[in-house]
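The values are calculated or read from the model by the stated rules, or taken from the named source; none is laboratory data. As the structure is a prediction and not an experimental result, all values here were calculated from the model. Note: ideal-geometry Cβ built from the backbone for every residue, glycine included; neighbour counts use all protein chains shown. Side chains included, ligands, DNA and RNA excluded: accessible areas come from the protein's heavy atoms. Shrake-Rupley method; radii C 1.70, N 1.55, O 1.52, S 1.80 Å.
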Amino acid sequence: MTATTEAPASQPIADMEADSLIGTFAEGQRLVGSQCNACGCTMIGSRVVCSSCISRDVSRVALPSTGVLYSFTRIHVGTAGIRPLGYVDLDNGVRTLADIREGDVPLRPDMRVELGIDDDDWFFAPAAGEKREA
Amino acid sequence: MSDNVFVISAAMIPFGKHRTSSYVGLAVSPLIDAIRDAGIEKSDIDAVYVGHSYGGMMTGQRICKEIGLGTIPTVNVDNACSSGATAIHEAWQAISQGLIDIAVVIGVEKLTQFGGGTLPLSPEDREVKQGIIMPAVYAMRATRYLHETDATPEDLALVSVKARKHGALNPFAQFRQETTVEEVLNARRVADPLTLPMCCPTGDGAAVVVLASERARKRLDSKPGIRVAASVLHSGHVAEGFRDMIKPEISYDSARDAYAMAGIGPKDLDMIELHDAFSIAELIYYEAFGLAEPGHGVDLIRDGKTTFGGDVVVNPSGGLLSKGHPVGASGVAQVAEAFWQLTDQAGARQIDKARWAMTHVTGGGTAGLDHGACTIHIFEAA
Ligand SMILES: [Zn+2]
């Protein structure tokens with residue numbers, strides 16, 4: 001046998017292990033994000049690969065619990081009853097889809113929202129200080 | 001330099017709920033009709049491209065074997081709602097590069113297999129796990145559009161009213177009844193501000209076109225058909241942060257490239273078949289295609305500029321909202337409509353002296369992307 005090199009095996013990513021977008025950090029319960037240590041790109045969820053520079057040097061980080069409601073809808077079809085859903089632009093620029101909880105303050109795009117947690121459910125709701133009238 | 005490519009025939013079944021037909025049962029009749037109308041034999045066909053999203057393994061081969069069409073390459077293409085148009089793009093590429101002369105393109109889908117409800121999306125997607133559905137994506141576009149412009153829910157309803165008016169003239173359409181703004185606004189709510197008639201129906205369908213090189217067209221002495229002036233396919237690009245949901249870059253960029261390839265602009269178009277899966281989409285795409293400035297697409301629907309007698313007839317077939325949207329079939333059905341309009345075979349919905357047509361489909365609900373795919377074609381009467 002002559003000496004030869006052997007192609008390394010690529011390994012699968014166990015991306016089905018971490019399904020929850022909520023996690024416990026020093027700050028408390030926060031949305032889970034990932035930050036690339038090579039280029040600084042921040043992403044929603046537990047990631048192994050940076051979608052910008054494809055570095056695998058990515059750290060799990062807590063995402064901000066406040067942001068701006070970009071848009072929203074109330075879903076009337078399906079089994080969940082009326083379900084408000086929206087896109088929230090977090091204060092560090094990361095966008096996430098989120099359940100939105102409606103209270104006394106009517107929802108409108110560009111309003112400030114903050115993360116809320118009820119047992120296993122997480123959602124965004126109008127931030128304290130958002131007025132009844134825009 | 002690429003060779004000219006022509007669509008030399010088109011056929012389709014009326015879209016609707018064809019519960020007793022399989023994928024094969026949906027596609028075989030238009031396949032035979034398109035071959036016959038093209039004046040070709042089975043032995044003339046160099047390749048078959050088949051767009052579908054939910055047909056399962058070897059859908060194209062299952063269809064083609066029923067008419068004894070085999071040996072030649074059969075390519076199954078999935079790009080969600082862009083599957084059929086992507087199949088046309090692939091056929092166009094092969095012919096325009098001189099690799100083959102004649103291709104058959106089939107678009108087929110059977111959505112009644114799911115027994116109702118919204119379109120099944122990939123359960124592996126992060127936002128799908130969170131509960132996103134396609135109506136909610138478009139509803140959020142609509143909420144934002146109403147927030148940034150002076151458009152109202154009445155304007156969203158006007159798009160559905162126009163679609164139903166056009167569909168009433170089209171024997172291939174799933175919905176052939178006209179409607180009113182009041183009916184649309186008072187209908188069942190799906191995802192605010194969208195009501196049921198602002199959403200395309202689910203159904204089944206199949207459409208087939210035959211593409212040929214200039215050389216083959218001359219050899220066959222076939223009817224003139226229509227020339228493919230542009231064929232463009234783009235994919236979505238991820239945004240981890242902000243995305244402007246009412247200025248979808250994938251459709252803006254595809255339109256820009258298609259106009260450049262065709263050497264024409266929006267003012268030259270006589271008709272457009274665009275991806276009106278939900279009524280809000282039509283207003284956004286008026287802007288993406290340069291028919292109106294951003295924020296002013298709504299003026300066109302209010303002023304009747306996009307119906308018969310207007311500047312450009314948008315969705316003369318009734319569009320996805322009225323004709324129906326069997327996902328993989330839609331892109332091919334749009335090209336069939338362009339073919340009939342540009343060859344003066346569109347009956348009651350014929351656009352007078354139509355010369356230039358554009359077709360546009362996007363596709364896919366995927367976290368971080370506007371759409372997964374976007375296909376635009378421009379055609380010129382030959
Ligand atoms: Zn990076």
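If you take every residue apart from residue A:37 with its C-beta less than 14 Å away from the C-beta of residue A:37, what net charge results, scoring Lys and Arg +1 and Asp and Glu -1?
+2
Separation between the residue B:253 and residue A:38 pseudo-spin-labels, each 7 Å from Cα along Cα→Cβ, expressed in nm?
2.1 nm
Using 0.36 nm times the number of residues separating residue B:32 and residue B:150, minus their current alpha carbon distance, what extension gain do you get?
Going from the current span to full extension adds 37.6 nm.
Determine the relative contact order of the range A:22-62: mean sequence separation of Cα pairs under 8 Å and six or more apart, normalised by residue count, in whole percent.
39 percent
Would you list B:43, B:322, B:29 from the most to the least accessible area, probe 1.4 Å?
Reading off the accessible areas and sorting them downward yields B:43, B:29, B:322.
From the residues B:229, A:51, B:365, which one has its Cα farthest along the dipole of the protein assembly as shown in the positive direction, the dipole being from +1 and -1 charges on Cβ of Lys/Arg and Asp/Glu about the Cα centre?
So the residue we want is B:229.
Run the 1.4 Å probe and let me know the accessible area of residue B:369, rounded to the nearest 10 Å².
My reading of the accessible area for residue B:369 is about 40 Å².
Counting other C-beta atoms within 10 Å, and keeping those with at most 13, which DSSP coil trypsin sites (Lys or Arg not before Pro) do you find in the range A:40-114?
Answer by residue number: A:56.
With θ taken as phi - 60° and the coefficients 6.51, -1.76 and 1.60, list the Karplus ³J(HN,Hα) couplings across the range B:128-141 in order, rounded to whole Hz; mark glycine and proline as x.
Result, rounded to whole Hz: 5, 4, 7, x, 5, 9, 4, x, 5, 4, 5, 5, 5, 4.
Identify all lysines with a Cα-Cα distance to residue B:17 below 25 Å; exclude those on the same chain that are fewer than 8 residues away in sequence.
B:65, B:110, B:162, B:165, B:323
If you line up the long axis of helix B:249-262 against the longest principal axis of chain B, both from Cα atoms, how many degrees apart are they, to the nearest 10?
40 degrees
As an exercise, use a Förster radius of 30 Å and the Cβ-Cβ distance of residue A:26 and residue B:124 to find the FRET efficiency, rounded to the nearest 0.05.
Once rounded, the FRET efficiency stands at 0.45.
Which whole-number percentage describes the relative contact order of chain B, with Cα contacts under 8 Å and a sequence gap of 6 or more?
Averaging sequence separation for qualifying contacts and normalising by length gives 27 percent for chain B.
How many angstrom lie between the C-alpha centres of the range A:1-74 and the range B:38-104?
39 Å
Considering only DSSP beta bridges whose two residues both sit in the protein assembly as shown, what percent are antiparallel, to the nearest 5?
Close to 80 percent.
What average number of partner chain Cβ atoms lie no more than 10 Å from the Cβ of the residues making up A:64-76?
The shielding value for this peptide is 6.
Between residue B:241 and residues 5 or more places away or on another chain, which pairs have amide H atoms under 5 Å apart, with H built 1.01 Å from N, and which residues are they?
A:95
Ordering B:359, B:152 from largest to smallest accessible area (1.4 angstrom probe), what's the sequence?
B:152, B:359
Determine the relative contact order of chain A: mean sequence separation of Cα pairs under 8 Å and six or more apart, normalised by residue count, in whole percent.
Result for chain A is 16 percent.
Whole-Hz ³J(HN,Hα) for each residue in the range B:55-70, computed from phi via Karplus 6.51 cos²θ - 1.76 cosθ + 1.60 with θ = phi - 60°, x for glycine and proline: what do you get?
Per residue, the Karplus-derived 3J(HN,Hα) values read x, x, 4, 6, 4, x, 5, 4, 6, 5, 5, 5, 10, x, 9, x Hz.
Whole Å is fine, so just give me how far the alpha carbon centre of the range B:168-206 lies from that of the range B:233-270.
Taking the Cα centre of the range B:233-270 as reference, the centre of the range B:168-206 is 26 Å away.
Shape of the range B:18-91 from its Cα gyration tensor (a ≥ b ≥ c, root eigenvalues): rounded if a/c is under 1.5, otherwise prolate when a/b > b/c, or oblate?
Verdict is oblate for the range B:18-91.
Straight-line reach only, C-alpha to C-alpha below 20 angstrom: list the lysines that residue B:218 could link to, leaving out same-chain residues fewer than 8 apart.
Cα-Cα hits under 20 Å: B:42.
Under 5 Å between amide hydrogens, which residues at least 5 positions from residue A:22 or on another chain qualify, with H placed 1.01 Å from N in the peptide plane?
A:32
To the nearest 20 debye, what is the magnitude of the charge dipole of the protein assembly as shown about its Cα centre, counting +1 on the Cβ of each Lys and Arg and -1 on the Cβ of each Asp and Glu?
Charge dipole of the protein assembly as shown: 1120 debye, to the nearest 20.
Taking amide H positions as placed in the peptide plane 1.01 Å from N, state which residues far from residue B:16 in sequence (5 or more) or on other chains have amide H under 5 Å from it.
When sequence neighbours closer than 5 places are left aside, the close amide H contacts are B:204.
Which whole number gives the average, over all residues in B:85-95, of C-beta atoms from other chains lying within 10 Å of the residue C-beta?
0
Lysines within cross-link reach of residue B:267: Cα-Cα under 18 Å, excluding same-chain residues under 8 positions apart?
Of all the lysines, those that pass the test against residue B:267 - Cα under 18 Å, at least 8 places apart if same chain - are B:305, B:353.
In the range A:1-122, with Lys and Arg counted as +1 and Asp and Glu as -1 at Cβ, which of these residues, A:68, A:84, A:26, has the Cα nearest the positive end of the dipole, that is, farthest along it?
Highest projection toward the positive end goes to A:68.
Got a sec to turn the phi values of the range B:366-382 into Karplus ³J(HN,Hα) couplings, 6.51 cos²θ - 1.76 cosθ + 1.60 with θ = phi - 60°, whole Hz, x for Gly and Pro?
9, 4, x, 10, 5, 9, x, 9, 8, 10, 10, 10, 10, 10, 10, 4, 8
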